[in-house]
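Before any comments, here is the structure.
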Amino acid sequence: MKKIVFITGATSGIGEGCARRFAAEGHDLIITGRKADRLAAIKSELQSAYGVRVETLLFDVRDREAARAAIASLPEEMRAIDVLINNAGLVIGVDKEHEGSLEEWDIVIDTNVKALLAMTRLIVPDMVSRGRGHIVNIGSIAGDYAYPGGSVYCATKAAVKALSDGLRIDLVDTPLRVTNIKPGLVETNFSVTRFRGDQAAADKVYAGLRPLDGNDIADVVYWTTTCPEHMQIAEVLVMPTHQATGTITYRQ
Ligand code: NDP
Ligand code: 8X3
């Protein structure tokens, strides 16, 4: 059955991978982000490759009013969202908790936690009314283990786990499902953003092992949303083969 899939942060990495995967399976998309050119290019490519409908919404997920207005602007036939993928997120820097910038950490917390919560608050009530829906939150292995230079980011992803678990509890008397995907090392723009545009520093994060990519995570997301309706995949921790924890890897 054709679904409507809403993806935050679909302009690169894991979100873009999810857009490609769901479109390839014939599902209609609502893709969001802050880069108008990337949204337009992905829309045009996926519509012509797969004949699906793609709506683009340009807004900063931290701006609640912009998010509300963007969702309200959707055409009637694209409002019955079946899958919400709360993916938009980032980290800035590798600073110690007692030394880093509170302003940068506001950005990380507002994006990874408060915006995820706001998107859930905006979209899930209609799913409950319709008795149908799946919420996929992109957490991280970072939410399981803190690591050096990751304090605040790890805290946000621990919050994603708590929000996912809490939502699953709150929806237990409904047919809705909630999944927290917890990736390890995935090569996307994530580390370029973390190192403030320093590509060489970003490349070092993945040196000597084969990292996952956005399409690998999209495969996992797709699988969790297509398993039988009596099955709820609560969490998936997915890492490269040569990664064992957030900090232990084997590199050649
Ligand atoms: P990318 O940097 O490639 O993608 C991040 C996406 O988030 C972009 O599409 C970006 O869109 C969007 N985004 C960021 N801030 C905002 C904002 N304020 N408003 C709207 N969109 C925003 O990284 P990933 O694909 O790796 O990251 C996706 C998710 O996966 C994040 O939540 C990240 O924490 C998580 N994750 C990543 C891992 C990795 O190793 N890469 C591992 C575990 C989890 P735009 O710039 O257009 O706004
Ligand atoms: C991103 C992966 O290992 O940098 O969530 O925390 S990691």
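The values are calculated or read from the model by the stated rules, or taken from the named source; none is laboratory data. Predicted model, so just to flag it, every value in this text is computed and none were measured. In this analysis, Cβ positions are derived from the backbone assuming ideal geometry, glycine residues included, and neighbour counts consider all displayed protein chains. Accessible surface areas use protein heavy atoms only, side chains included; no ligands, DNA or RNA. Shrake-Rupley method; radii C 1.70, N 1.55, O 1.52, S 1.80 Å.
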Restricting to DSSP loop positions (anything but H, G, I, E, B) with no more than 16 other Cβ atoms inside 10 Å of their own Cβ, which GluC sites (Glu not before Pro) remain in the range 96-176? Glu97, Glu99
Fraction of the pair-distance distribution of the range 4-238 above 26 Å, Cα-Cα pairs, percent: 34
Given pairs Lys2/Lys157; Lys182/Lys204; Lys114/Lys157; Lys2/Lys114; Lys35/Lys182 and cut-off 23 Å on Cα-Cα distance, the over-length ones are Lys2/Lys157; Lys2/Lys114; Lys35/Lys182
So which GluC sites (Glu not before Pro) in the range 1-78 are both in a DSSP loop and have at most 15 other Cβ atoms within 10 Å of their Cβ? Glu25
Taking 0.36 nm per residue of separation and subtracting the Cα-Cα distance, what length does fully extending Tyr145 through Gln252 add? 36.1 nm
Starting from the Cα-Cα distance between Ala66 and Glu45, subtract it from 0.36 nm times their residue separation and give me the gain in nm to one decimal. 5.0 nm
Would you calculate the separation in nanometres between label points at Asp165 and Glu77, each defined as 7 Å from the Cα along the Cα-to-beta-carbon direction? 4.3
Prolate/oblate/rounded call for the range 123-252, Cα gyration tensor, a/c under 1.5 rounded: prolate
What FRET efficiency, computed as 1/(1 + (r/R0)^6) with R0 = 22 Å and r the Cβ-Cβ distance, is obtained for Thr241 and Ala200, rounded to the nearest 0.05? 0.30
When the accessible area of the chain is split by element with a 1.4 Å probe, what percent falls to carbon and sulfur? 53
Whole number in Å², please: accessible area per residue of the chain, 1.4 Å probe, ligands, DNA and RNA not counted. 47
Set the Förster radius R0 to 35 Å, insert the Cβ-Cβ distance between His98 and Ala24 as r into 1/(1 + (r/R0)^6), and round the FRET efficiency to 0.05. 0.15
Trypsin sites (Lys or Arg not before Pro) in the range 167-252 lying in a DSSP loop, each with at most 10 other Cβ atoms within 10 Å of its Cβ, come to Arg251
